[in-house]
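The values are calculated or read from the model by the stated rules, or taken from the named source; none is laboratory data. Bear in mind the structure is a predicted one, so any value in this text is a computation, not a measurement. Neighbour counts run over all protein chains shown; Cβ positions are idealised from the backbone, glycine included.
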């Protein structure tokens, strides 16, 4: 019995356009991001979801509320769906983080799986385990159904790897645009990829994340 999950990256924020690491910093959508959230809501208006979940950060909440309202759902906000905690990198642009913390940035850029970012940051292994456990719990709760999840780019990086078997350290070769649709399935034992980065409903969408 397959459980389908539709995962949506939140709409655009001002920090996305600046290539600034947001992590757990609570940044709202910009005007374009709000328009994207409503476009995504319209694209999903005919889908039947059994439940909706979202990160509790504002950019995800705003996106989820737009979609859930159109789909007649009440989203559950869950801090386990937050972006990776980037520690000392949070609020810096990628270039600033590289210049200020060259050694740490090299380990981040090369996807060292056990490297935990300073000031409360998560390692890739810790982050991936959080994402895996959260998604499996949600899928098990709605076995055989369809679930909407609004989350973040880093979470979706882990999701694609879970569904395809791609190693945590492998450079990214797939897109993660703001407000795109990403569908995966759970059979009770393993994840599989249905479709990825659907964005026909969007006129323009950023994928400012590094290809690492």
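Each row is one residue, and each column tells you yes or no for (1) within 23 Å of residue 13 (Cβ to Cβ); (2) modelled with pLDDT of 95 or more; (3) outside any helix (DSSP H, G or I).
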{"site": "41", "(1), (2), (3)": "yes, yes, no"}
{"site": "84", "(1), (2), (3)": "yes, yes, yes"}
{"site": "104", "(1), (2), (3)": "no, yes, no"}
{"site": "115", "(1), (2), (3)": "no, yes, yes"}
{"site": "118", "(1), (2), (3)": "no, no, yes"}
{"site": "128", "(1), (2), (3)": "no, yes, no"}
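Are any residues in the stretch 117-152 within 18 Å of residue 198 (Cβ to Cβ) and either surrounded by 22 or more Cβ atoms within 10 Å (Cβ to Cβ) or touching a helix residue (DSSP H, G or I) at 6+ places or on another chain (Cβ under 7 Å) (or both), and if so, which ones?
From the stretch 117-152, those within 18 Å of residue 198 (Cβ to Cβ) are 146-152; that's our starting set.
147, 148, 149, 150, 151, 152 - these are the residues of the stretch 117-152 that are within 18 Å of residue 198 (Cβ to Cβ) and either surrounded by 22 or more Cβ atoms within 10 Å (Cβ to Cβ) or touching a helix residue (DSSP H, G or I) at 6+ places or on another chain (Cβ under 7 Å) (or both).
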(message) Among the residues in the stretch 57-68, are any within 22 Å of residue 177 (Cβ to Cβ), within 15 Å of the chain's Cα centre (by Cα) and either modelled with pLDDT under 95 or surrounded by fewer than 18 Cβ atoms within 10 Å (Cβ to Cβ) (or both)?
(response) yes
(request) Taking residue 192 as meeting all but one of (1) surrounded by 16 or more Cβ atoms within 10 Å (Cβ to Cβ); (2) over 21 Å from residue 92 (Cα atoms); (3) in contact with a helix residue (DSSP H, G or I) (Cβ under 9 Å, 6 or more places away or on another chain); (4) without any contact (Cβ under 8 Å) to a residue 60 or more places away in the chain, write down the number of the exception. (result) (1)
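For every residue, the table says whether it meets (1) part of a helix (DSSP H, G or I); (2) over 14 Å from residue 10 (Cα atoms).
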{"site": "131", "(1), (2)": "yes, yes"}
{"site": "135", "(1), (2)": "yes, yes"}
{"site": "139", "(1), (2)": "yes, yes"}
{"site": "173", "(1), (2)": "no, yes"}
{"site": "176", "(1), (2)": "no, no"}
{"site": "200", "(1), (2)": "no, yes"}
{"site": "203", "(1), (2)": "no, yes"}
(request) Please state which of the following conditions residue 162 fails to meet, knowing it meets all the rest: (1) farther than 30 Å from residue 42 by Cα; (2) in a helix (DSSP H, G or I); (3) in contact with a strand residue (DSSP E or B) (Cβ under 8 Å, 6 or more places away or on another chain). (result) (1)
(request) Output the number of the condition that residue 60 fails; it satisfies all remaining conditions of (1) part of a loop (DSSP other than H, G, I, E, B); (2) in contact with a strand residue (DSSP E or B) (Cβ under 9 Å, 6 or more places away or on another chain). (result) (1)
(request) Output yes when any residue across the stretch 88-102 is touching a helix residue (DSSP H, G or I) at 6+ places or on another chain (Cβ under 7 Å), more than 15 Å from residue 154 (Cβ to Cβ), buried (at least 21 other Cβ atoms within 10 Å of the Cβ) and modelled with pLDDT of 95 or more, and no when none is. (result) no
